[in-house]
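Written out below as C-alpha coordinates is the structure these notes cover.
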Amino acid sequence: MSLIYFLLASAGMTQILVYGKIFDKIRPTQGWMGQLLSCSMCTGFWVGLFLWITNSLTTLFTFDYSIVTGLFLGCIGSLASYLIDAVFDDHGIKLDHG
(Lines give C-alpha, C1' and ligand atoms only; values in the text may rest on other atoms or scores of the structure.)
Protein backbone atom coordinates (compact mmCIF):
# COMPACT_ATOMS: atom_id res chain seq x y z
CA MET A 1 0.00 0.00 0.00
CA SER A 2 2.87 2.38 0.71
CA LEU A 3 4.04 2.10 -2.92
CA ILE A 4 0.58 3.22 -4.11
CA TYR A 5 0.74 6.23 -1.79
CA PHE A 6 4.22 6.98 -3.08
CA LEU A 7 3.05 6.79 -6.72
CA LEU A 8 0.07 9.06 -6.07
CA ALA A 9 2.13 11.58 -4.11
CA SER A 10 4.82 11.61 -6.77
CA ALA A 11 2.38 12.07 -9.65
CA GLY A 12 0.39 14.70 -7.76
CA MET A 13 3.40 16.77 -6.73
CA THR A 14 4.79 16.58 -10.27
CA GLN A 15 1.50 17.78 -11.76
CA ILE A 16 1.45 20.73 -9.38
CA LEU A 17 5.05 21.69 -10.16
CA VAL A 18 4.71 21.33 -13.94
CA TYR A 19 1.16 22.62 -14.50
CA GLY A 20 -0.03 24.37 -11.32
CA LYS A 21 -1.13 27.94 -11.98
CA ILE A 22 0.10 28.93 -8.53
CA PHE A 23 3.68 28.58 -9.85
CA ASP A 24 3.14 30.36 -13.20
CA LYS A 25 4.82 33.58 -12.07
CA ILE A 26 7.90 31.91 -10.57
CA ARG A 27 8.30 28.80 -12.78
CA PRO A 28 11.30 29.23 -15.11
CA THR A 29 10.51 28.83 -18.81
CA GLN A 30 14.03 28.93 -20.25
CA GLY A 31 17.33 27.19 -19.61
CA TRP A 32 17.83 23.78 -18.03
CA MET A 33 15.46 24.54 -15.15
CA GLY A 34 12.76 25.59 -17.60
CA GLN A 35 13.24 22.36 -19.52
CA LEU A 36 13.13 20.33 -16.31
CA LEU A 37 9.90 21.95 -15.08
CA SER A 38 8.15 21.51 -18.42
CA CYS A 39 8.70 17.75 -18.51
CA SER A 40 6.61 15.52 -16.25
CA MET A 41 9.04 12.62 -16.71
CA CYS A 42 12.08 14.69 -15.68
CA THR A 43 10.35 16.46 -12.81
CA GLY A 44 8.82 13.15 -11.69
CA PHE A 45 12.29 11.66 -11.24
CA TRP A 46 13.43 14.48 -8.96
CA VAL A 47 10.13 14.46 -7.09
CA GLY A 48 10.60 10.72 -6.51
CA LEU A 49 14.06 11.38 -5.08
CA PHE A 50 12.70 14.19 -2.91
CA LEU A 51 9.96 11.95 -1.54
CA TRP A 52 12.52 9.21 -0.85
CA ILE A 53 14.77 11.66 1.03
CA THR A 54 11.87 12.99 3.10
CA ASN A 55 10.05 9.68 3.63
CA SER A 56 10.97 9.60 7.33
CA LEU A 57 8.71 12.65 7.82
CA THR A 58 5.53 10.75 6.90
CA THR A 59 3.81 7.51 7.79
CA LEU A 60 2.25 7.14 4.31
CA PHE A 61 5.30 5.30 3.01
CA THR A 62 8.62 4.16 4.43
CA PHE A 63 11.61 3.08 2.38
CA ASP A 64 15.19 2.38 3.36
CA TYR A 65 17.84 4.96 2.63
CA SER A 66 20.07 3.02 0.26
CA ILE A 67 21.16 4.81 -2.91
CA VAL A 68 19.74 2.01 -5.05
CA THR A 69 16.31 2.44 -3.45
CA GLY A 70 16.51 6.18 -4.11
CA LEU A 71 17.40 5.62 -7.76
CA PHE A 72 14.58 3.12 -8.23
CA LEU A 73 12.05 5.37 -6.52
CA GLY A 74 13.14 8.27 -8.72
CA CYS A 75 12.55 6.09 -11.78
CA ILE A 76 9.22 4.85 -10.45
CA GLY A 77 8.16 8.43 -9.70
CA SER A 78 9.14 9.43 -13.23
CA LEU A 79 7.12 6.61 -14.77
CA ALA A 80 4.05 7.28 -12.62
CA SER A 81 4.16 11.00 -13.42
CA TYR A 82 4.59 10.39 -17.14
CA LEU A 83 1.73 7.87 -17.29
CA ILE A 84 -0.66 10.14 -15.39
CA ASP A 85 0.34 13.04 -17.67
CA ALA A 86 -0.14 10.92 -20.81
CA VAL A 87 -3.57 9.62 -19.78
CA PHE A 88 -5.22 12.64 -18.09
CA ASP A 89 -5.58 16.35 -18.77
CA ASP A 90 -7.71 19.15 -17.30
CA HIS A 91 -10.84 17.71 -18.95
CA GLY A 92 -10.43 14.11 -17.77
CA ILE A 93 -9.16 11.17 -19.77
CA LYS A 94 -7.38 12.14 -23.00
CA LEU A 95 -9.17 10.72 -26.01
CA ASP A 96 -6.88 12.07 -28.72
CA HIS A 97 -6.45 9.34 -31.35
CA GLY A 98 -4.76 11.47 -33.99
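The values are calculated or read from the model by the stated rules, or taken from the named source; none is laboratory data. As the structure is a computational prediction, the values presented were derived from the model and not from experiment. Here Cβ is always computed from backbone atoms with ideal geometry, including for glycine, and neighbour counts include all displayed protein chains. Surface accessibility is based on the protein's heavy atoms, side chains included, excluding ligands, DNA and RNA. Shrake-Rupley method; radii C 1.70, N 1.55, O 1.52, S 1.80 Å.
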Quiz item: All other residues with a Cβ under 13 Å from the Cβ of residue 18 taken together, and with Lys, Arg as +1 and Asp, Glu as -1, what is their net charge?
Solution: -2
Quiz prompt | Rounded Å value of the spacing that divides the Cα centres of the range 47-70 and the range 1-46 | solution = 17 Å
Quiz prompt | C-alpha long axis of helix 40-53 to longest principal axis of the chain, angle in ° | solution = 20 degrees
Quiz item: Per residue, how much accessible area does the chain show when a 1.4 Å probe rolls over the protein heavy atoms, in square angstrom?
Solution: 70 Å²
Self-check item: Listed candidates (i) 14.7, 41; (ii) 14.0, 44; (iii) 13.2, 38 - label of the one calculated as Rg and Dmax of the Cα atoms in Å
Solution: (ii)
Quiz prompt | Rounded tilt (10° steps) of 2-19 against the dominant C-alpha axis of the chain | solution = 30 degrees
Exercise. Name the cysteines of the chain that stand alone by the Cβ rule: no other cysteine Cβ under 4.7 angstrom.
Key: 75
Quiz item: Roughly how tilted is helix 67-87, in degrees to the nearest 10 and between 0 and 90, from the longest Cα axis of the chain?
Solution: 30 degrees
